[in-house]
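Okay, structure first, notes after.
The values are calculated or read from the model by the stated rules, or taken from the named source; none is laboratory data. Model, not experiment: these values are computed from the prediction. When we count neighbours, we look across all protein chains shown, and the Cβ atoms used for this are built from the backbone with ideal geometry, even at glycine. Keep in mind that these areas ignore ligands, DNA and RNA; they rest on the heavy atoms of the full protein, side chains included. Shrake-Rupley method; radii C 1.70, N 1.55, O 1.52, S 1.80 Å.
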Amino acid sequence: VNMRFATRTFLSSFIPFAVLLAVSFWAIRASVMETVRDGLRASVRDNEVALAREQARNEGRNRKLLEGIGENPSLKAGLQLLATEGGATEQARNTVLDQLSEICDSLSFDFMMVSGARGEPLAAVVRYAGGFAPVNLARLHPPEQGFFSADGRLYEVTSVPIREADSQVATLTVGGLFDISRFGVPAVLLHNGAVITAQMRDLAPAQIERALAACSPLADCNLRIQNEQYLSLPLGRPGGNGNDGYTLRSLQNVDAASAPLQAVLRKLFLVAGFIALAAMLGISALSSRSIARPLVDVVSHLRLSAATGELPEFPETHGGAHEIRDLTQGFNNAARAVHEGRERLTRAYVQFVGSLAQALDARDAYTAGHSRRVSEYSCAIAKALNLTEDDLEIIRVGALLHDLGKIGISDLVLQKPGRLTPEENQLIRQHPVIGKRILENVQGLEAYLGIVELHHENLDGTGYPHGLKGEETPLYARIVKVADAYDAMTSDRPYRRGKSHAEAIAVLRSVSGSEMDPLVVDAFALLGDQRKQQAAFAGNQSLRSLSDAVQGDAEVPGPAATAGLEVVAREREAS
Amino acid sequence: MWIKLGSCALVATAALAGADIHGTIIIERKLSRHNVTASAGMYQRGVAVELGADGETDPLAFERSHVAVYLEGGPKSSGTESGKASIEQKDRRFVPDLVVIPAGSAVSFPNFDPIFHNVFSLSKAKSFDLGNYPEGQSRLVTFPVPGVVAVYCHLHSNMAASIVVAPSRWAVRVDKDGVFALKDVPAGTYTVVAWHKTAGTFRKTVTIGERDAEVSFTLPYAESTDADHVAHR
C-alpha cells in the first residue's frame with residue numbers, strides 16, 4: 001500500500017491499540033454485567049426463598065388457627081343439629097349456614113364449607129354482595145385443598161378436620177379469594193400448564209406458558225422470555241404444587257431488576273472507552289509525528305536537491321534521532337564532496353579553456369592580452385551598472401572566452417594582412433558559433449555560452465550569427481560587445497596606431513542605439529580611460545576569481561597585433 | 001296465660017299497709033365492655049358497634065339498666081306466685097338479656113329467628129336444656145329456687161341472658177336513670193340487694209317503718225362483694 005510514512009506510523013500504532021482497547025473494554029463490560037446479573041439473580045433467589053419460607057410458616061400458623069375453628073363447639077352443635085334434624089330441614093341447614101357466615105365474617109374468610117364424615121358436602125357459604133350467600137352444592141364442587149373458581153372469581157381453600165373423641169366426624173373447608181399479589185414477588189398461577197392468573201401484565205399468557213413448560217414443578221427455573229432473563233421458583237400453596245394440576249410459581253424479571261445498574265455501567269464504559277480512544281488517538285498522532293517529522297524533513301530536503309541539482313547542506317539538527325543525524329551528516333559530507341569535485345572540475349575546464357583562449361591570443365602578437373582586457377573592461381561596466389557578484393563572475397569568465405571560436409579559423413584568414421574576401425569574411429563570422437559548439441558540451445560552462453555566441457549581435461538586428469534584436473541579446477553579451485569593440489579600436493595594429501580613448505568613445509557613441517546598447521556605452525563613457533586605470537590595476541594582483549587562474553603567469557605582454565581583428569574593426573568602423 | 005304480677009302484689013300487700021323503698025343506683029364507671037352486633041337480617045351482619053359510641057346510648061345508662069334489686073329477709077315468696085316473664089330469641093340474641101322474677105315464676109323462651117336455637121342453663125338455681133327448636137316454637141321454664149340463672153344457647157355461644165330469681169316478691173330491674181322503687185313493703189328490717197353481672201352483689205340493710213325509705217348504691221364500690229352469681233356454673 002502506498003501511503004505516507006507518518007500515516008503508516010500512526011495507523012500501525014493506533015489500530016492495534018484501539019482494537020486491543022475495544023476488545024478489553026468489551027470483555028470487562030461483559031464480565032461485569034454477568035457478575036452483576038448473577039449477584040442480582042442470587043439476591044432475587046434468596047429473597048424468594050425467604051418469602052417462600054415465610055409463606056410456609058404462615059400456612060402453618062393459619063392451619064393451627066383453622067384447627068382451632070374446627071374445635072368450635074357451636075359449630076359442632078350445629079352439625080349435631082343437622083344430623084338429628086336431617087338435611088331436609090331448611091331451618092337446620094340455615095342454622096349451620098348462619099354459623100358458617102358468622103365465623104367467616106369474624107375471621108375475614110370468603111368461603112367456608114362443612115363436609116360430612118364421608119366427605120359429602122353439607123353446607124357452604126361464600127362472601128357475596130357485602131354479605132354471605134349459600135353455595136349451591138349441587139352445581140359447585142369445591143375441593144378440600146387447592147383452588148376453584150366460582151362466578152369468575154378464584155378461591156384458594158384448605159381444610160381442617162372436625163373431631164369428636166379422636167375421630168373425624170366432619171371436615172371444615174375455609175378459603176379466601178386468591179390474591180396473586182400477596183406473595184411480595186411477581187407470581188403466576190397455572191392450571192395444567194395454562195395461565196389462570198398472572199401478575200405480569202406486559203407478558204402474554206402464551207409466552208409465559210411456553211417458557212414455563214420446560215420447568216419442573218418443584219424446582220427453580222431460569223428462563224428467557226422476550227430475550228430477558230427470568231427466574232421462577234415454586235411458591236408454597238395449600239395442597240402442594242402439582243397434585244391437582246394447579247401450579248403456583250414466582251416469575252421475576254432478573255434483567256429488569258439489574259437494568260438501572262446495567263444502564264449506568266454501559267454509560268460508564270462508553271464514556272471511559274471514548275476517553276481512552278481519544279487519548280490513544282492523540283498519543284498515536286503525536287508519536288507518529290515525532291517519528292516521521294525528521295524523516296519528512298530529510299525527504300523534502302532531498303527532493304529539493306533533486307529538483308534544483310544543487311546539494312544544499314542540512315542545517316545542524318540537534319533534536320533528531322542518532323540515525324537521522326548520521327543520515328544528514330552523511331548527506332552533508334557527500335554534498336560537500338560533490339560540491340568540491342564539481343568546483344574542481346569546473347575550474348579545470350575553465351583553466352583548460354582559458355589556456356586555449358590564451359593560446360589563441362598568442363597566435364598574434366597584436367591581439368595578445370585582448371581577452372584579458374575585454375574581461376576587465378566588461379567587469380568595470382558591469383560594476384558601473386550595479387550588477388551582482390554572480391553576474392560579474394559570469395561576465396569575467398565569459399569575456400575571457402568570448403573569442404574562443406577563433407581556434408577553428410585558419411591562421412591564413414585570421415592573420416591575413418589587407419582586405420578579406422567575402423568568403424574569408426564569412427569564415428571569420430563563424431567564430432561565435434564555433435566557440436559555442438566547443439563549450440556547449442562542457443558541463444558547468446553553460447552560463448558563458450550566451451557571451452561567446454552572441455557578442456557580435458547588433459541592437460538593430462544587423463549582427464551575426466542570428467541577427468537578434470535589442471533585448472533578445474542578453475545584457476552580458478551587449479556589455480562584452482562594447483568592451484571588445486573598444487579594445488579593438490584602441491589597440492595598435494601593424495598597419496595603424498590605435499585610436500585614443502576619446503576617439504574610441506566617439507566611435508562607440510556614433511553606433512550607440514544601432515549596434516551598441518546606449519546604456520552600456522553611456523556607462524562605459526562615464527568610467528573614463530580604462531587603459532590608465534588598467535595600468536594602475538595591473539600591478540595589483542588581487543584577482544581571486546577564476547579569471548586569475550586562467551591568466552596565471554602566462555600573460556604575454558607586448559604590442560602584438562592581429563590583422564584579422566583589425567580587419568573586423570576596420571570594417572565595423574566603415575559601416 | 002299471662003298473669004298480672006302487679007295486681008296480685010297489690011292485693012297481697014294492701015292489708016299490711018307498708019311503705020315504699022325508693023333508691024338510686026349510681027354507676028361511676030363502665031363495668032363491662034359490650035360489643036353488640038347490629039344484625040340487619042338473616043345473613044347480613046353489619047360491623048361491630050361499641051355501645052355508647054354513637055352518643056345516643058349512655059354506657060352508664062346501659063349499666064344502670066342491667067342492675068337487679070330485690071329484698072331479702074321479708075316474707076318468702078310463695079310458690080304460687082308466678083310472673084309473666086319472657087325471653088325471646090331474636091337476631092341471635094336473648095331479648096331481654098336480664099329478667100328479674102320472684103321465686104316460683106315461670107319464663108317463656110319463644111324463638112323468633114328463622115333458625116334453630118337451643119336454650120340451656122347449668123346454674124345451681126336451675127339446670128335445664130330445652131333442646132334445639134325452630135322458629136315459632138316456645139318453651140316454658142319455672143324457677144322455684146332463688147338465685148341467678150345464666151342462660152345460653154348451644155348453637156350460638158355468644159348468646160347469653162341472666163335470670164335473677166328473687167326470694168321475695170319485691171324484685172325489680174333498675175331503669176336507665178338508675179331509679180328503682182319497691183312498693184308496699186311491710187314494716188320490718190330487710191336487706192336490699194343490688195346485683196350486677198360483672199360488678200357482683202351489693203347489700204344494704206334497711207328498716208321500714210311508716211315512712212318510705214331511701215337506699216342508694218354506688219357501684220362498683222361496695223361493702224360486700226359477695227358474688228354468689230359466680231357459683232352458677
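Under 24 Å Cα-Cα from B:LYS204, which lysines qualify once same-chain neighbours fewer than 8 residues away are excluded?
Leaving aside lysines fewer than 8 places away in the same chain, those within reach of B:LYS204 are B:LYS30, B:LYS76, B:LYS176, B:LYS183.
Would you calculate a helix-derived [θ] at 222 nm for chain A, using -39,500 (n - 2.57) for each DSSP H run of n ≥ 4 and dividing by the full residue count, to the nearest 500?
Details: 18 runs with 319 residues, N = 575.
Rounded to the nearest 500, the figure is -18500 deg cm²/dmol.
When a/c reaches 1.5 or more, the comparison of a/b and b/c decides; with that in mind, is the stretch A:308-412 rounded, prolate or oblate per its Cα gyration tensor? Each step should come with its number before you reach the end.
Working: a/c = 5.10, a/b = 2.33, b/c = 2.19.
Taking the square roots of the gyration eigenvalues as a ≥ b ≥ c, the stretch A:308-412 is prolate.
For an R0 of 51 angstrom, estimate the FRET efficiency from the Cβ-Cβ distance between A:ALA259 and B:ARG33 and round to the nearest 0.05. Don't jump to the answer; show the numbers that get you there.
Details: r = 55 Å, r/R0 = 1.07.
The formula returns an efficiency of 0.40 here.
Sorted by accessible area (1.4 Å probe), largest first, how do A:ARG139, A:ARG57, A:ARG201, A:ARG325 line up? Don't skip to the end; give the middle numbers.
Details: A:ARG139 195, A:ARG57 130, A:ARG201 220, A:ARG325 65 Å².
In descending accessible area the options line up as A:ARG201, A:ARG139, A:ARG57, A:ARG325.
How would A:MET3, A:MET280, A:MET489 rank on accessible area, largest to smallest, probe 1.4 Å? Walk me through the intermediate numbers first.
Working: A:MET3 75, A:MET280 30, A:MET489 10 Å².
Result, largest first: A:MET3, A:MET280, A:MET489.
Got a number for carbon plus sulfur as a percent of the stretch A:182-266's accessible area, 1.4 Å probe? Walk me through the numbers on the way to the answer.
Working: 2050 of 3930 Å².
Of all accessible area on the stretch A:182-266, carbon and sulfur atoms account for 52 percent.
Taking Cα atoms, how many degrees apart are the long axis of helix A:518-527 and the longest axis of chain A, rounded to 10 and kept between 0 and 90?
Once rounded, the angle reads 60 degrees.
Taking every pair of Cα atoms in the stretch A:72-203, average 1/r, invert it to obtain the Kirkwood radius, and report Rg/Rh to two decimals. Don't jump to the answer; show the numbers that get you there.
On the way: Rg = 16.3 Å, Rh = 15.9 Å.
On the Cα set of the stretch A:72-203, Rg over Rh gives 1.03.
Compute the angle between helix A:431-440 and the longest alpha-carbon principal axis of chain A, please, reported from 0 to 90 degrees and rounded to the nearest 10.
Taking the Cα atoms of chain A, the angle to A:431-440 is about 40 degrees.
Would you mind getting me the FRET efficiency between A:THR89 and A:ALA213? Use the beta-carbon distance for r and R0 = 60 Å, nearest 0.05. Numbers along the way, then the final one.
On the way: r = 51 Å, r/R0 = 0.85.
Efficiency, rounded to the nearest 0.05: 0.70.
Which one of A:LEU100, A:LEU140, A:GLY130 is farthest out on the positive end of the charge dipole of the stretch A:100-147, using unit charges on Cβ (Lys, Arg +1; Asp, Glu -1) and the Cα centre as origin?
Selected residue: A:LEU140.
Mind listing the long-range amide H neighbours of A:ALA123? Cut-off is under 5 Å, sequence gap 5 or more, other chains count too, H placed in the peptide plane at 1.01 Å from N.
For A:ALA123, whose amide H was placed from the backbone, the distant partners under 5 Å are A:VAL114.
Using a 1.4 angstrom probe on the protein heavy atoms only, line up A:VAL32, A:VAL397 by accessible area, largest first. It would help to have the intermediate numbers written out before the result.
Values: A:VAL32 45, A:VAL397 0 Å².
Greatest to least solvent exposure: A:VAL32, A:VAL397.
Let me cross-check A:VAL299: its accessible surface, 1.4 Å probe, with only protein heavy atoms counted, in Å² to the nearest 10?
Counting only protein heavy atoms, the figure is 70 Å².
Measuring from label point to label point, each 7 Å out along Cα→Cβ, what is the B:ARG211 to A:THR308 span in nm?
15.5
Below 8 Å, C-alpha to C-alpha, sequence gap of six or more: please give me the relative contact order for chain A in percent.
Value for chain A: 11 percent.
Counting only other chains, and only Cβ atoms inside 10 Å, what mean value do you get across the residues of A:477-485? Don't skip to the end; give the middle numbers.
Details: counts 0, 0, 0, 0, 0, 0, 0, 0, 0.
For this peptide, the per-residue mean of nearby foreign Cβ atoms is 0.
At what distance in nm do the modelled label points of A:LEU21 and A:ALA506 sit from each other, each positioned 7 Å from its Cα along Cα→Cβ?
My value for the distance between the label points is 9.3 nm.
Which percent of the accessible area of the stretch A:1-72 is formed by carbon and sulfur heavy atoms (probe 1.4 angstrom)?
Working: 3070 of 4800 Å².
Answer for the stretch A:1-72 is 64 percent, counting heavy atoms of protein chains only.
Nearest 10 degrees is fine. How inclined is helix A:5-70 to the longest principal axis of chain A, computing both from alpha carbons?
With both axes taken from Cα atoms, the answer is about 10 degrees.
Roughly what would the spin-label model give for B:PHE112 and A:ASN192, points 7 Å off Cα along C-beta, in nm?
Calculated label separation equals 5.4 nm.
Search the structure for amide H atoms under 5 Å from the amide H of B:ALA213, placed 1.01 Å from N in the peptide plane, and list their residues when 5 or more places away or on another chain.
Correct list: B:ASP20, B:ILE21, B:HIS22.
Just checking the output field for B:150-157: average partner chain Cβ neighbours within 10 Å of each residue's Cβ? Working shown, then result.
Values: counts 0, 0, 0, 2, 7, 12, 7, 6.
Mean shielding count: 4.
Which residues, if any, in the stretch A:39-84 lose at least 50 square angstrom of accessible heavy-atom surface (probe 1.4 Å) when the other protein chains sit next to their chain rather than the chain being alone?
Listed in order, they are A:SER74, A:LEU81.
If you put +1 on each Lys and Arg Cβ and -1 on each Asp and Glu Cβ, how big is the dipole of the stretch B:94-184 around its Cα centre, in Debye rounded to 20?
Values: 7 positive and 7 negative charges, 62 e Å.
The calculation lands at about 300 debye.
Taking only protein heavy atoms into account and a 1.4 Å probe, give the accessible area per residue of the stretch A:180-295 in Å².
Numbers: 5970 Å² over 116 residues.
Averaged over the residues of the stretch A:180-295, the accessible area is 51 Å².
Enter the accessible area of A:ILE28 (Å², nearest 10), with the probe set to 1.4 Å and all protein chains included.
80
Chains B and A: buried accessible surface, both sides, probe 1.4 Å, rounded to 100 Å²? If you can, show how the numbers build up before the last one.
Values: alone 11860 and 30200 Å², together 40560 Å².
The buried area between B and A, both sides summed, comes to about 1500 Å².
Can you list the residues, at least 5 places off or on another chain, whose amide H is less than 5 Å from the amide H of A:ALA368, using H built in the peptide plane?
Residues meeting the amide H criterion: A:ALA560.
What lysines sit close enough to A:LYS436 to cross-link, taking a C-alpha to C-alpha distance under 28 Å and skipping anything fewer than 8 places away on the same chain?
A:LYS383, A:LYS406, A:LYS416, A:LYS469, A:LYS481
Let me know the mean shielding of A:498-505 by other chains, meaning the per-residue number of their Cβ atoms within 10 Å of its Cβ. Before the final figure, lay out each step's value.
Values: counts 0, 0, 0, 0, 0, 0, 0, 0.
Counting Cβ atoms of other protein chains within 10 Å of each residue's Cβ and averaging gives 0.
How long is the gain from A:LEU270 to A:LEU137 if the chain were fully straight, where each residue apart is worth 0.36 nm and the alpha carbon distance is subtracted?
Details: separation 133, 0.36 × 133 = 47.88 nm, distance 6.61 nm.
Length gained, A:LEU270 through A:LEU137: 41.3 nm.
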